[in-house]
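Below is one structure, written out as structure tokens; comments come after it.
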Amino acid sequence: MSTALVDLWHGFAVALQPDNLIWCFVGVLIGNLVGVLPGLGVLSTVSILLPLTFGMKSVPAILMLAGIFYGAQYGGAICSILLNLPVHPPHAVTCLDGFPLTKQGRGGTALGISILAACIGAAFGIVEMTFFAPVVARFALDFGPAEICSLMLLGLLAGATLARGSPLKGIAMTLFGQMLGLAGVDMNTGTPRFTFGVLNLYDGVELVALALGLFGIAEFLKSVNRVAPMHVSGARLGFRDLLPSRRELREGVPAMVRGTLVGSLCAMVPGTGPTIASFVAYAVEKKISRTPERFGTGMIAGVASPEASTHSSVQGDFIPTMSMGIPGDSGMALLLGALLIQGITPGPLLISEHPDIFWGLIASFWVGNILLVLLNVPLIGIWVRLLAIPYRVLYPCALCFVCIGVYSAKNSLFEVGETLVFGMIGYGLIMLRFQVAPILLGFVLGPRMEENFRNALAISGGNLAIFVAHPISAVFLALCVILLAAQVYARFAARGRAVLPRTPPVSQVED
Amino acid sequence: MSLAAGRAAPGKRRDILSGLLCLAAGLGALVEARSYSIGSLSQLGPGFYPAILGGLLALVGVLITVSAFAGTAASEPDEALPDAPDWRGWFCITAGVLAFIGLAWVSGLAPAIFGAVLVAALGDRGATLRGGLLLALGMAIVGTILFGYLLGINMPLWQMP
């Protein structure tokens with residue numbers, strides 16, 4: 001426990017170096033910006049900036065990319081509360097009570113509550129990571145290929161089935177993603193796979209091209225001419241409007257604590273990102289409330305709890321990624337890709353081999369969150385005014401950033417075309433109601449899973465029983481089975497019953 | 001009730017199509033994987049894992065199709081997505097990316113940004129040529145300064161074909 005604090009002290013020394021501090025600030029600023037702007041996603045922003053970090057040192061690169069993730073969570077609530085636009089999935093559920101509060105003229109209070117909830121949630125998530133991640137890493141040190149393989153399977157299954165939408169379709173998408181991940185020359189034998197004779201594909205599918213196709217181009221294709229122009233009500237918000245009254249605090253703070261706990265629990269389960277955490281928190285809050293019927297009419301708790309949950313889960317999500325090398329959702333898969341590109345192998349050895357990155361990252365979470373509060377509380381009026389930028393201006397600019405970002409990944413125009421193809425595929429999949437996020441998870445984990453699968457079987461001399469003979473691996477596989485069984489049960493038990501609260505439709509077409 | 005049933009019909013068709021697509025992709029991968037060496041269990045060849053993936057994808061495809069026929073709605077109609085794409089936006093966004101590739105190929109970064117933004121911007125139904133030109137010009141200047149000079153992108157800024 002005390003070693004963790006000493007290490008964290010060292011981490012602050014890293015995070016407060018002027019270089020690192022500036023990049024952390026850049027990260028949270030960009031994150032906050034894209035969080036506010038409807039039509040720009042966190043994943044596409046990280047993908048655009050990813051190639052730019054190739055030339056950077058690894059510590060500032062990771063601090064900046066991580067900053068985008070949690071910075072975006074601060075901005076995302078603004079859109080939900082003031083405009084009823086759930087464009088950022090983790091904040092979709094905040095619309096339910098946030099927007100009614102805006103209609104009552106209490107939008108400022110709702111924003112204030114969401115910022116306070118963010119602080120509490122994030123702080124708890126960071127503390128959790130400080131003390132918990134090293135423990136997990138020590139535990140994971142004993143993992144052999146069989147354990148890693150089973151754990152990855154669990155992560156993939158959870159990511160595919162616990163996300164929103166059909167579990168079967170989610171599994172299909174992780175399988176598709178893994179195939180894309182295998183494309184290129186096989187490391188062990190030199191056989192080109194799934195390249196169809198295209199020489200540019202021998203290096204494999206470019207991570208940036210895939211991510212920007214699925215989350216950039218496909219998103220533009222889906223949203224063009226479908227995002228209604230914004231009419232921001234209460235555009236003049238100042239610091240004073242944010243302050244909640246004492247009664248609102250008494251209502252909100254316990255909800256924040258409950259939301260925080262839900263979020264940190266969700267962060268432990270691989271595959272459940274902040275979106276699920278926020279939905280679960282809202283459902284819990286409604287369940288234990290004495291007045292559940294008043295949810296949806298502007299309850300403070302309905303904003304406080306999911307917001308706290310989102311933030312604590314965003315911070316906690318870093319735990320499996322940084323301590324075991326198993327990302328919990330597509331965003332963390334992207335960060336894992338960034339680490340790999342920097343030549344750092346994420347896994348249980350990361351903390352001891354690269355303490356600068358791990359502890360510097362945790363310290364930068366504290367620094368970044370403080371910066372975000374400073375950015376949001378006094379400047380809330382500026383962020384709100386940004387909402388008025390129309391989509392027809394945003395998407396052509398974003399499109400050009402996408403093209404340049406992909407080009408700079410390999411300095412090749414082939415990848416730009418690749419992005420376009422993935423964009424079209426992604427659009428088709430979205431139209432067929434597939435969730436595209438698990439593709440990225442499968443893409444990043446697929447090759448590593450195959451490698452561990454091969455190694456495990458090489459060790460056991462071709463005996464598949466190795467996966468159940470090792471107790472830890474057997475536990476992971478048992479969890480996979482339980483997960484699948486629970487999905488099948490839920491399908492037949494709760495047919496037609498909505499488990500999660502409904503949110504307003506994402507795209508609003510104006511006639 | 002009749003409304004719900006009316007809505008379920010396209011969902012069912014969509015799920016059947018999704019399932020068949022997965023089946024086809026899975027079988028395709030399976031066939032492709034068979035052309036690589038499968039190897040033995042103690043020494044897996046490059047084709048083994050892709051073959052498993054392909055087989056599983058085909059199986060999932062069958063399951064999706066079957067559950068669509070059985071009427072257990074696999075996809076929630078929670079997102080109000082339109083069924084037909086917005087063709088004008090579609091065309092202009094696709095053409096915008098192609099314009100970027102083509103112009104970057106022959107004449108460098110600044111014209112590529114200008115062309116991509118202009119073409120993409122025209123995809124909006126409310127777009128005017130003047131607005132598009134202004135936006136494209138602005139982005140070309142900002143982008144060239146940001147990426148060309150500050151971040152040093154590896155592409156000529158401007159060259160004659």
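The values are calculated or read from the model by the stated rules, or taken from the named source; none is laboratory data. It should be emphasised that the depicted structure is a prediction, and the values quoted were computed from it without experimental measurement. In this analysis, Cβ positions are derived from the backbone assuming ideal geometry, glycine residues included, and neighbour counts consider all displayed protein chains.
Here B:Leu150 does not fit the description of being surrounded by 14 or more Cβ atoms within 10 Å (Cβ to Cβ) and of a type outside the set (S, T, N, Q).
Quick check, is A:Gln17 under 27 Å from A:Ala137 (Cβ atoms) and without any contact (Cβ under 8 Å) to a residue 12 or more places away in the chain? Working first, answer last.
Working: under 27 Å from A:Ala137 (Cβ atoms): yes; without any contact (Cβ under 8 Å) to a residue 12 or more places away in the chain: yes.
Yes, satisfied.
Of the candidates A:Tyr391, A:Tyr395, the single residue that is within 28 Å of A:Leu440 (Cβ to Cβ), surrounded by fewer than 24 Cβ atoms within 10 Å (Cβ to Cβ), touching a residue at least 12 places away in the same chain (Cβ under 8 Å) and in contact with an Asp or Glu (Cβ under 9 Å, 6 or more places away or on another chain) is A:Tyr391. Among the residues that make up the range A:105-112, is at least one of them in a helix (DSSP H, G or I), modelled with pLDDT under 90 and polar (S, T, N, Q)? Yes, that holds for at least one residue.
Among the helices (runs of 4 or more DSSP H) lying completely within the range A:406-472, list those that include at least 2 residues that are within 22 Å of the chain's Cα centre (by Cα) and in contact (Cβ under 8 Å) with a residue 60 or more places away in the chain.
Of the helices (runs of 4 or more DSSP H) lying wholly inside the range A:406-472, those with at least 2 residues that are within 22 Å of the chain's Cα centre (by Cα) and in contact (Cβ under 8 Å) with a residue 60 or more places away in the chain span A:414-431, A:437-460.
Quick check on this structure: which one of A:Ala308, A:Ala281 is surrounded by 24 or more Cβ atoms within 10 Å (Cβ to Cβ) and more than 18 Å from A:Ala72 (Cα to Cα)?
A:Ala281
Assessment of the range B:19-26 against the conditions (at the interface with another protein chain (Cβ under 7 Å from one of its Cβ atoms), farther than 30 Å from A:Ala490 by Cβ and at pLDDT 85 or above) yields no matching residue.
Kindly evaluate A:Phe434 against the criterion of being more than 9 Å from every other protein chain (Cβ to nearest Cβ) and over 25 Å from B:Met155 (Cβ atoms). Let's see the steps before the verdict.
Numbers: more than 9 Å from every other protein chain (Cβ to nearest Cβ): no; over 25 Å from B:Met155 (Cβ atoms): yes.
No; evaluated as a whole, the condition is false for this residue.
If you check A:Ala133, A:Ala117, A:Ala123 for being more than 14 Å from every other protein chain (Cβ to nearest Cβ), within 19 Å of the chain's Cα centre (by Cα) and surrounded by fewer than 22 Cβ atoms within 10 Å (Cβ to Cβ), only one passes: A:Ala123. B:Pro85 meets each of the listed conditions (1) modelled with pLDDT under 90; (2) assigned to a helix (DSSP H, G or I) apart from (2). Determine if the range A:384-398 includes at least one residue that is at the interface with chain B (Cβ under 8 Å from one of its Cβ atoms) and touching a Pro at 6+ places or on another chain (Cβ under 6 Å). Looking for residues that are at the interface with chain B (Cβ under 8 Å from one of its Cβ atoms) and touching a Pro at 6+ places or on another chain (Cβ under 6 Å), one finds none in the range A:384-398, hence no.
Among the residues of the range B:93-136, the ones that are touching a residue at least 24 places away in the same chain (Cβ under 8 Å), more than 8 Å from chain A (Cβ to nearest Cβ) and either among the β-branched types (Val, Ile, Thr) or over 19 Å from B:Gly148 (Cβ atoms) (or both) come to 4 in all. Exactly one residue out of A:Ala228, A:Ala255, A:Ala267 is more than 30 Å from B:Gly26 (Cα to Cα), in a helix (DSSP H, G or I) and modelled with pLDDT under 85, and it is A:Ala267. Residue pairs whose Cβ atoms lie under 6 Å apart, sitting 6 or more positions apart in sequence or on different chains, and linking a residue in the range A:181-197 that is more than 9 Å from chain B (Cβ to nearest Cβ) to a partner that is assigned to a loop (DSSP other than H, G, I, E, B), are A:Ala183/A:Phe194; A:Ala183/A:Gly204; A:Ala183/A:Val205; A:Gly184/A:Gly204.
Of these, A:Glu353, A:Glu415, which one is of a type in the set (Asp, Glu) and surrounded by fewer than 20 Cβ atoms within 10 Å (Cβ to Cβ)?
Values: A:Glu415 fails: surrounded by fewer than 20 Cβ atoms within 10 Å (Cβ to Cβ).
Matching residue, one of A:Glu353, A:Glu415: A:Glu353.
Does A:Thr161 qualify as being surrounded by 21 or more Cβ atoms within 10 Å (Cβ to Cβ), within 14 Å of chain B (Cβ to nearest Cβ) and among the β-branched types (Val, Ile, Thr)?
Working: surrounded by 21 or more Cβ atoms within 10 Å (Cβ to Cβ): yes; within 14 Å of chain B (Cβ to nearest Cβ): yes; among the β-branched types (Val, Ile, Thr): yes.
When the stated conditions are applied, A:Thr161 passes them.
For every residue, the table says whether it meets (1) in a loop (DSSP other than H, G, I, E, B); (2) on the phi > 0 side of the Ramachandran plot; (3) surrounded by fewer than 24 Cβ atoms within 10 Å (Cβ to Cβ).
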position: A:Ala66; (1), (2), (3): no, no, no
position: A:Phe69; (1), (2), (3): no, no, no
position: A:Gln73; (1), (2), (3): no, no, no
position: A:Leu85; (1), (2), (3): yes, no, no
position: A:Pro100; (1), (2), (3): no, no, yes
